[in-house]
Amino acid sequence: MIIKVPKVNQIGSMKYTVGIEDYLRCDNAWKAYFNERTNEIIIDSQVTGNMRDRSYMHEVIHQIDVNYGCGLSEEVIDRLANGFCEYLFNNLGIELDWSDVDLPD
């Protein structure tokens, strides 16, 4: 089953734009980030395939964590993201379609 990644994620009342930027990993050593100030989830353009999907899921779990005040550590968020990805992608056959997300120029 193919599911489109939305341009905007909404969890509760929180809306976050999803985008892809160049040089994020090179400049900051991050594959992706979740920014509460700018309401963005950004993924490095060089991160592709399964790593892009896992990075996106990781940032979505940050969004859930902040919205519901869970207080999860980075390590727990990473483990949950990996677990959800394994279940969704390996067991349910879900694939993410990134065609609606704006790519850098």
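Annotations
- Here the label points at Asn39 and Asp22, each 7 Å from Cα along the C-beta direction, are separated by 2.8 nm in the simple model.
- Residue by residue, segment 63-75 carries 3J(HN,Hα) couplings of 4, 5, 4, 5, 4, 9, x, 6, x, 6, 7, 4, 5 Hz when phi is fed to the Karplus relation 6.51 cos²θ - 1.76 cosθ + 1.60 (θ = phi - 60°); x denotes Gly or Pro.
- Over the chain, Cα pairs under 8 Å with separation of 6+ residues give a relative contact order of 37 percent.
- Here r is the Cβ-Cβ distance between Ile2 and Phe84 and R0 is 25 Å; the resulting FRET efficiency, rounded to 0.05, is 0.90.
- Packing-based exposure ordering (other Cβ within 10 Å, fewest first) of Ser55, Ser45, Ser73: Ser73, Ser45, Ser55
- Extreme residue, positive dipole direction of the chain, given options Pro6, Asn67, Leu24 (C-beta unit charges): Asn67
- Antiparallel content of DSSP bridges confined to segment 2-97, in %, to 5: 50
- Electrostatic bookkeeping for Val60 treats Lys and Arg as +1 and Asp and Glu as -1; over the other residues with beta carbon under 11 Å from its beta carbon, the sum is -2.
- Annotation: amide H of Gly19 within the under-5 Å range of Ile41, Ile42, Ile43, sequence separation 5 or more or interchain, hydrogens built in the peptide plane.
- The modelled label-to-label distance for the pair Asp97/Ser13, using points 7 Å beyond Cα in the direction of Cβ, is 3.3 nm.
Laboratory data are not the source of any read-out in this text; all were calculated from the coordinates shown. Keep in mind the model is a prediction, meaning the values are calculated, not measured. Note that we place each Cβ from the backbone using ideal geometry, even for glycine, and neighbour counts take in every protein chain shown.
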